[in-house]
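To keep things clear, I will list the structure first and then write my remarks on it.
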Amino acid sequence: TNLSLRAGRLIMLRSARAAAVRDGALAAMMHIPQVRQHVRQGRYRPPARYRRGLLIGASSRRSSVGMLFPQPCVRDYGGHEQRLDDIAGSGWRIVGWGEDPRAALSVHGQRLAAEVLNATFVTLCRPGDRSVMPGASTHVLEDISEMSHRMFRDQPFVVVRPDHYVCANPPRPELDSAIRHIVQRVSSRRSEPVV
């Protein structure tokens with residue numbers, strides 16, 4: 001919002017002289033390849049990040065908690081390339097990088113994730129890193145550009161909310177407790193009276 005307000009002030013200059021200076025400066029800057037690429041790719045915008053709300057763990061540089069999970073192009077076992085959401089849906093997702101999140105969850109944790117959150121389990125990996133086994137899950141997907149890898153930081157898992165923001169980025173031993181905590185918070189919100 002602040003970025004939009006600043007851009008609006010820059011665009012809506014009332015002084016013809018100030019507008020001419022602005023136009024000249026922008027035209028000159030667009031001749032610099034790095035600046036042109038930066039502007040075209042929208043890298044001038046700060047990354048969207050929540051610091052409060054349904055988040056498990058602290059939002060920090062060492063964690064992807066509160067950050068928007070990317071929409072990578074992925075490849076399934078059949079070699080088909082699609083966007084992650086087209087395969088995994090847009091509800092709760094428990095995503096592992098190179099690890100099946102179900103293997104890190106207890107039976108009770110798996111049941112909570114499946115029955116209460118209606119979560120989809122997804123394993124992402126680098127192109128060529130997926131083992132090829134007959135009957136393997138179609139939710140083991142190659143992240144073609146490795147766009148999502150940075151979201152895992154030093155941990156193997158992220159829990160992604162339905163709005164595509166990372167709710168938790170727990171280490172392997174804490175995935176089960178993170179799911180229980182999320183279910184507890186989601187369930188308590190559902191039972192609150194509507195005002």
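The values are calculated or read from the model by the stated rules, or taken from the named source; none is laboratory data. Because the structure is predicted, anything quoted here is derived from the model rather than measured. No Cβ is skipped: glycine too gets one built from the backbone with ideal geometry, and neighbour counts run over all protein chains shown. The protein model used for the area step is the full one, side chains on, heavy atoms only, and it has no ligands, DNA or RNA in it. Shrake-Rupley method; radii C 1.70, N 1.55, O 1.52, S 1.80 Å.
Just give me the residues in region 153-191 being of a type in the set (A, V, I, L, M) and outside any helix (DSSP H, G or I), in sequence order.
First pass over region 153-191, keeping only residues of a type in the set (A, V, I, L, M): 158-160, 166, 168, 175, 178-179, 182-183, 186.
Within region 153-191, 158, 159, 160, 166, 168 meet the criteria.
Residues in region 60-95 that are more than 23 Å from residue 116 (Cβ to Cβ), among the small types (Gly, Ala, Ser) and open to solvent by 30 Å² or more (accessible area, probe 1.4 Å): 60, 78, 79.
Report yes if some residue within region 129-142 is buried (at least 19 other Cβ atoms within 10 Å of the Cβ), over 13 Å from the mean Cα position of the chain (by Cα) and of a type in the set (Asp, Glu); otherwise report no. So far as region 129-142 goes, yes, one or more of its residues are buried (at least 19 other Cβ atoms within 10 Å of the Cβ), over 13 Å from the mean Cα position of the chain (by Cα) and of a type in the set (Asp, Glu).
Pull up region 143-158, narrow it to residues that are of a type in the set (A, V, I, L, M) and either surrounded by fewer than 16 Cβ atoms within 10 Å (Cβ to Cβ) or in contact with a helix residue (DSSP H, G or I) (Cβ under 6 Å, 6 or more places away or on another chain) (or both), then point me to the one that is modelled with the highest pLDDT. I'd like the intermediate steps shown before the answer.
To start, the set of residues in region 143-158 that are of a type in the set (A, V, I, L, M) comprises 144, 147, 151, 158.
Checking which are either surrounded by fewer than 16 Cβ atoms within 10 Å (Cβ to Cβ) or in contact with a helix residue (DSSP H, G or I) (Cβ under 6 Å, 6 or more places away or on another chain) (or both) leaves us with 144, 158.
Values: 144: 93, 158: 96.
My answer is 158.
Can residue 107 be described as of a type in the set (A, V, I, L, M) and either closer than 20 Å to residue 52 by Cα or open to solvent by less than 30 Å² (accessible area, probe 1.4 Å) (or both)?
Numbers: of a type in the set (A, V, I, L, M): yes; either closer than 20 Å to residue 52 by Cα or open to solvent by less than 30 Å² (accessible area, probe 1.4 Å) (or both): no.
No: the conditions fail for residue 107.
Residue 150 falls short on exactly one of the conditions (1) assigned to a loop (DSSP other than H, G, I, E, B); (2) more than 14 Å from residue 53 (Cβ to Cβ); (3) within 14 Å of the chain's Cα centre (by Cα); (4) charged (D, E, K, R), and that condition is (1). When restricted to residues that are in a helix (DSSP H, G or I), β-branched (Val, Ile, Thr) and in contact (Cβ under 8 Å) with a residue 24 or more places away in the chain, region 65-123 contains 2. From the list 105, 84, 141, 124, the lone residue that is out of contact with any Pro (no Cβ under 9 Å at 6 or more places or on another chain) and not charged (D, E, K, R) is 105. Residues that are open to solvent by less than 80 Å² (accessible area, probe 1.4 Å) and part of a helix (DSSP H, G or I) within region 1-22 comprise 3, 7, 8, 18, 19, 20, 22, listed in sequence order.
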